[in-house]
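Participant: What follows is a single structure, and I will ask about it in a moment.
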Amino acid sequence: MLGGLARDFARAGLRPGIWGRIEADRFAWAGRVADAGEARAKAREIQRIATANLAGLPARTAYVVCPHEAGTGEKARAAVREALEAARSVPDGLVGYDGGLMEGNAAAAPSASYEARHRAVSRVLADPGAVHSVFQPIVHLGTLDIVGYEALSRVEAEPRRGPDQWIHEASEVGLGIEFEAHCIRTALAVYNSLPPGVYVSVNASPQLVLDDGFTTLFPEGDLSWLLVEITEHHEVDDYAQLGARLDGLRARGARIAVDDVGAGHSTLRHVMQMSPDYAKLDRSLVRGIDGDPARRALVKSMVAFAHDVGLTLVSEGVETRAEYDELRGLGMQLGQGYLFQRPTSALIRALPPNVHEAVQGKIVDAPSDVVAESSRAA
């Protein structure tokens, strides 16, 4: 059906402009128009084509006129998302974006889509079963012992979208900190069931760390079982204040990691400014490292840097035996990825024997019994 739509759009003769597929079931046309009236006419023609799909499904259409309604590409995409959301409640399914307010709304009122999006996030936060945690083992590359688990969130709610998209959506409607905190509280339900000497890792943005309620997320007493991964989604304005907040956790035994090192401009600055205990290499540096001299050289230099400053490196996204062998050869200590274990709702004590056989070429006795399930612990 989507292929047929793509062909029909391409044949529509909307010029000058280009077509693209921007999400699983969303297409976009970017082109030149004289004014908003022409944009609406083109949107109406696009909707007519889209509604004639093979499955007979209804279609929502939105149009944004740049630059006066959305002056950058990022703002234009955000405007399209908001307009399409508002089109859910419009009888003819066609909405234009006008400076943050949807057509037909009072000038002083928030847009229809903002209210709907805020309600959707609020429903997730209010539903105790909407967010649950899965756990991916972090493995010592030499022994294949499990040294920790990264807690990852999954959201079972409409509209269906990934956890990163839900967090982004929550941030856009002013509930980002609340959503992050909810994910952490859900993950920490298993901390009493952790095997001795093994940690659980949770993700936190700098904005959450600086929030007054951050430290109340964690139980009283020793936190040597906790690793806090600082994400790279936002710039940090005050490293001194951030460091002071993290030092309070460190004083109770918690360790700090910088997530996705190498994925963005802020991660290396995080490493230099925060002096973390761990740094997690982004999967983009690990993928195909066995056949890429540039990646190999970069990771080798980072291993040397980590050794000099007493930093523990973790490789994310280890998926093949060749990547594992290369990382071990470069001196990498820890890793996680599908080669070892996909995220599961249970904490396992050790990797199954078939993983040892596949990775190390030998079979060892490795119990895979479950010590906790997040749903039961919650």
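Participant: Return the residues of the range 157-174 that are farther than 15 Å from V131 by Cα and either more than 16 Å from the chain's Cα centre (by Cα) or at pLDDT 90 or above (or both); say none if nothing qualifies.
Facilitator: Across the range 157-174, the qualifying residues are V173, G174.
Participant: Within the range 215-225, is even one residue surrounded by 21 or more Cβ atoms within 10 Å (Cβ to Cβ) and under 26 Å from D282 (Cβ atoms)? Steps first, answer last, please.
Facilitator: Of the residues in the range 215-225, the ones surrounded by 21 or more Cβ atoms within 10 Å (Cβ to Cβ) are none.
No: the range 215-225 contains no residue that is surrounded by 21 or more Cβ atoms within 10 Å (Cβ to Cβ) and under 26 Å from D282 (Cβ atoms).
Participant: Taking R185, is it out of contact with any strand residue (DSSP E or B) (no Cβ under 7 Å at 6 or more places or on another chain) and at pLDDT 90 or above? Write out each step before concluding.
Facilitator: Values: out of contact with any strand residue (DSSP E or B) (no Cβ under 7 Å at 6 or more places or on another chain): yes; at pLDDT 90 or above: yes.
Judged against the criteria, R185 is a match.
Participant: Here is a follow-up. Within the group V202, V209, which residue is touching a strand residue (DSSP E or B) at 6+ places or on another chain (Cβ under 8 Å) and outside any helix (DSSP H, G or I)?
Facilitator: Unique residue meeting the criteria: V202.
Participant: So which residues in the range 175-213 are under 17 Å from the mean Cα position of the chain (by Cα) and either surrounded by fewer than 17 Cβ atoms within 10 Å (Cβ to Cβ) or among the acidic types (D, E) (or both), if there are any at all?
Facilitator: E178, E180
Participant: Something else now. Kindly provide the set of residues from the range 272-290 that are of a type outside the set (S, T, Y), surrounded by fewer than 22 Cβ atoms within 10 Å (Cβ to Cβ) and in contact with a helix residue (DSSP H, G or I) (Cβ under 9 Å, 6 or more places away or on another chain), ordered by number.
Facilitator: Within the range 272-290, the subset of a type outside the set (S, T, Y) is 272-274, 276-277, 279-283, 285-290.
This time we only want the ones that are surrounded by fewer than 22 Cβ atoms within 10 Å (Cβ to Cβ), so: 272-274, 277, 282-283, 287-288, 290.
Scanning the range 272-290 gives Q273, M274, D277, D282, R287, G288, D290.
Participant: Within the range 236-279, how many residues are closer than 18 Å to Q333 by Cα and among the acidic types (D, E)?
Facilitator: Result for the range 236-279: 3.
Participant: Continuing with this model, one more query. Among the strands (runs of 3 or more DSSP E) confined wholly to the range 1-93, which include 1 or more residues that are among the basic types (K, R) and either without any contact (Cβ under 8 Å) to a residue 60 or more places away in the chain or within 28 Å of A170 (Cα to Cα) (or both)?
Facilitator: Details: elements: 17-23, 26-31, 61-63.
The strands (runs of 3 or more DSSP E) meeting that bar are 17-23, 26-31.
Participant: Of the residues that make up the range 114-124, is at least one at pLDDT below 85 and among the aromatic types (F, W, Y)? I'd like the intermediate steps shown before the answer.
Facilitator: First, the residues of the range 114-124 that are at pLDDT below 85: 114-118.
Filter once more, so that each one left must be among the aromatic types (F, W, Y): 114.
Yes; the residues of the range 114-124 include at least one that is at pLDDT below 85 and among the aromatic types (F, W, Y).
The values are calculated or read from the model by the stated rules, or taken from the named source; none is laboratory data. As the structure is a prediction and not an experimental result, all values here were calculated from the model. With ideal geometry, Cβ positions are generated from the backbone for all residues, glycine too; neighbour counts draw on all protein chains shown.
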